[in-house]
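What follows is a short report on a single structure.
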Amino acid sequence: MKLSARNDLKGTITDIKLGAVMAKVTIDLGNGQQIVSVITVDSVEDLDLKVGEEAHAIIKSTEVLVGK
């Protein structure tokens, strides 16, 4: 599958927290870095995501907000 997104971060799923509709998926990118994505529970099930498996965090955005 080809994608137009240029930010493809490969890592290992370390945690999946399921809610009623949404799920929080944590991916360990290595070197002490993690990324967390909130996706639907349906997407977790459709992708058959499991802790310990390799996954990709693919980011395409026009802006990134940072606050303090």
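Give me the number: length gained by fully extending LEU29 to ALA57, i.e. 0.36 nm times residue separation minus the C-alpha to C-alpha distance, one decimal in nm.
Stretched out fully, the LEU29 to ALA57 stretch lengthens by 9.2 nm.
Roughly how big is the chain's charge dipole about its Cα centre, with Cβ charges of +1 (Lys, Arg) and -1 (Asp, Glu), in debye to the nearest 20?
The calculation lands at about 320 debye.
Does the chain classify as rounded, prolate or oblate by the C-alpha gyration tensor (a ≥ b ≥ c root eigenvalues; a/c under 1.5 gives rounded; else a/b over b/c gives prolate, otherwise oblate)?
Note, shape of the chain comes out rounded.
For MET1 and VAL21 in one chain, what is 0.36 nm times their gap in residues minus the Cα-Cα distance, to one decimal in nm?
Result for the pair: 4.5 nm of gain on full extension.
So for each of 33-43, 52-62 I average, over its residues, the number of other beta carbons within 10 Å; can you give me the resulting order with the highest mean first?
Highest to lowest by the protection proxy: 33-43, 52-62.
Read-outs: derived from the displayed coordinates by stated rules, not from any lab. Just so we're clear, the structure is a prediction, and the values are computed from it rather than from any experiment. Cβ atoms come from the backbone with ideal geometry, glycine included; neighbour counts cover every protein chain shown.
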